[in-house]
């Protein structure tokens, strides 16, 4: 078994933790190895083994050959204390500490569970619900109590029929919780999109869900809270989807309870190994919001997926325009892709709704609802671009396509190579409705896209 | 792009077109509509057919879509459940009102001494009791994206130049004297000296200049007299006045001595014959490629000292190459300056010019922002040398991070910019351009405004750097507390990104801005924002292009005068009418006409390349 690398900063937000072990220490599963120095949570060893190296950003543990199931339990306390002690962070994206989010003091508010699994091709969240929906409901009740909510809503895409049916069977006896069906478009999992879909409240980009008297929490995170509260278990393992250019086919490989700190390469090997025909890049996270990574990089508590993409084609230095929005990669990520395609970055536009936040990141003003894109296309055209690369949501991509190709711009989407690798439709035109009927049995109108001549 | 309620109101009578896909049952709101400002581009490119489209005003009253339709679909009667009746188009197009425009804007601007022509204002006379005169300058904006709000019929703004403000006496902040010395013969020889009106230059100075620069293989001098203007030359990298400071005066103060009748011309190629230039080159016969009389160019009749450098291969597009050439040439010029200091006497002065920086308390405070190139290679400028247009003592703006740097008007006209810049020949501002900067000149001589100073801001290569300097500029202008600003640029394309960003940074702070650029056909703005609604187009070329004729499309007095008129109108709160979509000379011409009427003066416009003998290159490539 390879060495495990526990990063001192597990989420995208917060400060690195400080190690509380030293080289040579024996650790068990669940042994506390690092504690926060600012915004952050406890880090526990995910294996039995020995600390062999402590670097500036990580603790390296050589695992023992024997890895028993048992783990060192966290101390008992209030539910909130146990979530904190267990080092639970959000597993849907940025990895914000859950004990801070949950301690919301809402006024008869809402716990909104994000089970949209919105990044295309991912499976692990929905599979977890299909297999065992009951803890999710118990977890929502714990969180409602902690956050001061009297209602829970599970937001889930309508296409996940098996999971919805599994939930419905339990929900008929639980009046405090309901489910809200989402259409299969990107993005539905952005937290303000979840608030809008479930509660009908459109939040400004700089507002948190608490402004709508709600918290939004990813479904896998709820399970981790349940494990912390009921089993005194720290967050040391998680579920991961591995998919793409993998030997044996492009179906999703869902690995459950993968120790945090496992390398990307080990997971790919477990799935079958890299496709011998070659690949483009490896993405840690989803195709929209993930980042390129390397085989030796470790997964963190916030990692959801490893995607291996198709090979880049060579644009031979063609002029490429970059359309940056808040739904996909930031400018740096898009520039990286242009380089990998061997294009020449020629012009950059920002989606009108990609509002810049004080920390330099961007958030969409109205996630999933396009503000129009033709003006950007005109700019790209004037700048002489042959290609444009976009990272937009389903709706905006559709708008880009309404004028781009007619102007002679060749449109590429940031996610193309990942979508080809997993056998998913490319993000181009939108044929499905942004509204779905909440009755699981009503078939929605998915093909009414006729353009009036 | 989707529009706001306010924009929807302005465009109530324009066609309603969906900006994005919208599903059946959607109640239409302004957020559903594309901005009509860009329709003409879309119609032109065949992306949009507006036949049968209802207007925005007709479908904002609770109309719902009966069908799911895609982006750029015009809203027609068959896809909405209801719509309002069309209003009779009562509003006379602003253009007509404007055309009747009357006269006299009080306080006519002093006619520009040297130059010619100008353009830019439409005056609208609303005769109501007391006279109210309103100027509506017309933007010229190169078919740009720049969203210029459609002309809103001007609301009667404050009566013209009412003497409401407290006006103090004009204050002379500083003075400088230029002493002119006539040269009518230049001889290359063994010694650098001035005897009478003959300038002798030691030829070996050029060799020494080259020897001191590792990258310069050779530097040769020759003298081109007016009877020899039909001489072939490699691309012109710079035209420089030959001037020096008296005593220990710094730029912009004391006394400057300048030679009349002669200029320094820098040219360069690499060993394998590549022109040291980018985006076109002015190589060819001088008489076919020199736009005589432009502020930055040679005046017809002047003697040209040509300093021609050959540098290492591949160094033409790297910073050290052009820097080495300019430094080598300056070695020669400095020797002439030294001779001027020692040998010229006051008896030889043929003309004395006292230049004053005047502040006019109580008048509208304005600032001139000049964007200069700073992308590297020859896109660079030496700022604030010790001698006028010198090299020593100066700092390249690239090394300064291209951040905004303040200068006073006299420093500008005393050669504080040594330009290496080399974008397209027709729009580049050479060192001599700053020495005779028309906008600075017109602004300090305009009794209606109080010029606070000039800011130079470099144009970096990377977009992130562009926005960095732009934000600094905005903050600097905010702290100056001005009533209006000019932003000028040379070249086009890449630098328009920061040019428009500068305008935005200043504009969003509530300061009216007028921009100057070559745009026309080839240089149409690639970006824009709502503050780019008042633009002066420096184009003079017949076809609206970068025609590689040196300085053809640079800022001239006629442009400065139009710009001043436009800024004054904008500062008075008037709306600038949007330009026609496709570039046409007519806009400038009608602006000129309106200014002539308003000021009661005649503007003579400068000539363009059509006045020059046709070159083979121009014939083949352009005209």
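The figures follow:
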{"item": "Whole-number Å³ per residue for the convex hull built on Cα positions in segment B:1-89", "result": "85"}
{"item": "Exposure proxy ranking, count of Cβ atoms within 10 Å, fewest first, for B:496, A:105, A:124", "result": "A:105, A:124, B:496"}
{"item": "Value in Å of the Kirkwood radius, where the protein assembly as shown supplies the Cα pairs that are averaged", "result": "32.9"}
{"item": "Principal-axis tilt of helix B:463-480 within chain B, Cα atoms, nearest 10 degrees", "result": "90"}
{"item": "Alpha carbon centroid spacing (whole Å) that separates segment A:77-111 from segment B:166-193", "result": "75"}
{"item": "Square roots of five times the Cα gyration tensor eigenvalues for segment A:290-424, Å", "result": "24, 19, 14"}
{"item": "Principal axis dimensions, largest first and in whole angstrom, of segment B:342-488 by Cα", "result": "55, 41, 29"}
{"item": "Pairwise Cα inverse-distance average, inverted: Kirkwood Rh of segment B:449-552 (Å)", "result": "14.2"}
{"item": "Highest to lowest packing among B:396-406, A:397-407, scored as the average C-beta count within 10 Å", "result": "A:397-407, B:396-406"}
{"item": "Kirkwood-based Rg to Rh ratio, segment A:1-77, C-alpha trace", "result": "0.97"}
{"item": "Folded to 0 to 90 degrees: helix B:585-599 orientation relative to chain B principal axis, Cα", "result": "80"}
{"item": "Counting DSSP beta bridges with both ends in the protein assembly as shown, the antiparallel % (nearest 5)", "result": "50"}
{"item": "Likely footprinting exposure, B:382, B:486, fewest C-beta neighbours within 10 Å first", "result": "B:382, B:486"}
{"item": "Sorted largest first, extent of segment A:177-311 alpha carbons per principal axis (Å)", "result": "50, 38, 26"}
{"item": "Where Rh is the Kirkwood radius over Cα pairs, Rg/Rh for segment A:79-231", "result": "0.92"}
{"item": "Peptide B:42-51 - average C-beta neighbours from other chains (10 Å radius)", "result": "3"}
{"item": "For segment B:380-463, the spread of Cα positions along each principal axis, largest first, Å", "result": "38, 30, 25"}
{"item": "Residue exposure sequence - B:38, A:306, A:100, A:390 - by fewest surrounding Cβ within 10 Å", "result": "A:100, B:38, A:306, A:390"}
{"item": "Percentage relative contact order, segment A:12-72, counting C-alpha pairs under 8 Å, at least six apart", "result": "32"}
{"item": "Cα radius of gyration and Dmax for segment B:210-311 (Å)", "result": "15.1, 45"}
{"item": "Per-selection metrics, segment B:175-353 (Cα): Rg and Dmax in Å", "result": "16.3, 49"}
{"item": "Peptides ranked, highest mean first, by Cβ atoms within 10 Å: ranges B:516-526, B:212-222", "result": "B:516-526, B:212-222"}
{"item": "Semi-axis lengths (Å, descending) of the ellipsoid that matches the C-alpha gyration tensor of segment A:310-366", "result": "25, 11, 9"}
{"item": "Kirkwood Rh, Cα atoms: Rg over Rh of segment A:237-308", "result": "0.92"}
{"item": "Rh by Kirkwood over Cα pairs, then Stokes-Einstein D for segment A:132-179 at 0.890 mPa s and 25 °C, µm²/s", "result": "222"}
{"item": "Mean Cα-pair separation over length for chain B, i.e. relative contact order, pairs under 8 Å, 6 or more apart, %", "result": "19"}
{"item": "Nitroxide proxy distance, nm - points 7 Å out along Cα→Cβ at residue A:172 and residue A:207", "result": "3.7"}
{"item": "Cα-based Rg / Dmax (Å) for chain B", "result": "26.4, 91"}
{"item": "Isotropically averaged projected area of chain A, using the convex hull of Cα atoms (one quarter of hull area), nm²", "result": "22.0"}
{"item": "Convex hull of Cα atoms in segment B:584-623, direction-averaged projection (nm²)", "result": "3.5"}
{"item": "Normalised convex hull volume, segment A:49-139, alpha-carbon set, Å³ per residue", "result": "193"}
{"item": "Cα centroid separation, segment B:468-506 to segment B:369-425 (Å)", "result": "17"}
{"item": "Percentage relative contact order, segment B:236-279, counting C-alpha pairs under 8 Å, at least six apart", "result": "43"}
{"item": "Shielding of A:373-384 by partner chains, average beta-carbon count, 10 Å", "result": "6"}
{"item": "On Cα atoms only, tilt of A:219-231 relative to the major axis of chain A in degrees", "result": "0"}
{"item": "Residue-averaged beta-carbon neighbours from other chains (10 angstrom radius) around B:13-21", "result": "5"}
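Read-outs throughout are calculated quantities, based only on the coordinates presented, and are distinct from any laboratory measurement. Note that the coordinates shown come from a computational prediction; the quantities given were computed from them, not determined experimentally. FYI the Cβ positions are ideal-geometry reconstructions off the backbone, even for glycines, and counts take in every protein chain you see.
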